[in-house]
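The block underneath contains the structure these notes are about, expressed in structure tokens.
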């Protein structure tokens, strides 16, 4: 089944004040506001049209809260597929053992085996224009034209596409089996914790990672992220985020599994939000790795942000 990746994440938010704060957070993160209502919520997108939808937590169109989750919370993960035939195949597969609803836009909705709302739609991703990011490396042809400076203090950094989502689940093996039946492939695994998975229509290391909860209260969304263009963008945009007063949670650093640069921040969505860039790509020739969870296997390096400094200060 040609599922190409994440299309939207749908969050339930409590109250007008919380909605306003979440809106400002997404604008500062760099997403574009497609529409917004202070009571109902809004739609915010990356450059390719993938994005985040926020709704009032009591909106009747939302799936129920995942088990043991509390508002604010991820209420539904929407995947894009290549065409209507793939959508029909997914519908037939899912209807074999669960209720599937179809909305006016043709999007399929159901509940996965971990209790999360999941939906499928024909993708509306589109091409976009963004600066080509080249790198000058000794021994290789120049990655940028002469006199083209890589650093621009005034650069407007925009998320390019929705990258991945991470769940805390009660039974990672059961949750993995549900997505495997839809063609998701395990790329790597943390032993006794959970798998990194990608659908067949993308080569990204993962669009989904599931962590088996070691605490009965830790069920729900752990984090989510959009891809930026480079490590430099992760660092510059993250630095700007710190200057705006947002609290850094983890990073900056670089993961080992997936190799993506990362910087995580606390957010008003009941989960941390990440900036990431330069994730590994894999095809069907890749052999999944398995390793024990822990700090030595979580990042190849890790830094903490501190104030700017210059000699003599």
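Only strands (runs of 3 or more DSSP E) whose full extent lies in segment 169-285 are considered here, and the ones with at least 1 residues that are surrounded by 17 or more Cβ atoms within 10 Å (Cβ to Cβ) and more than 16 Å from the chain's Cα centre (by Cα) are 185-190, 194-198, 208-212, 248-254. The residue of segment 67-77 that is farthest from the chain's Cα centre (by Cα), among those that are outside any strand (DSSP E or B) and surrounded by 20 or more Cβ atoms within 10 Å (Cβ to Cβ), is 69.
Scan segment 84-110 for residues that are in a helix (DSSP H, G or I) and in contact with a strand residue (DSSP E or B) (Cβ under 8 Å, 6 or more places away or on another chain) and the total you get is 6. Here segment 115-157 is the region considered, the condition is being buried (at least 19 other Cβ atoms within 10 Å of the Cβ) and in a loop (DSSP other than H, G, I, E, B), and the residue that is farthest from the chain's Cα centre (by Cα) is 115. Only a single item in (1) at pLDDT 95 or above; (2) within 23 Å of residue 32 (Cβ to Cβ); (3) exposed (fewer than 15 other Cβ atoms within 10 Å of the Cβ) is not met by residue 61, and it is number (1).
Has segment 166-186 got at least one residue that is out of contact with any helix residue (DSSP H, G or I) (no Cβ under 9 Å at 6 or more places or on another chain) and closer than 19 Å to residue 72 by Cα? Within segment 166-186, one or more residues are out of contact with any helix residue (DSSP H, G or I) (no Cβ under 9 Å at 6 or more places or on another chain) and closer than 19 Å to residue 72 by Cα.
The values are calculated or read from the model by the stated rules, or taken from the named source; none is laboratory data. Predicted, not measured: the structure shown is a model, and the values here were computed from it. Cβ: placed from backbone, ideal geometry, glycine included. Neighbour counts: every protein chain shown.
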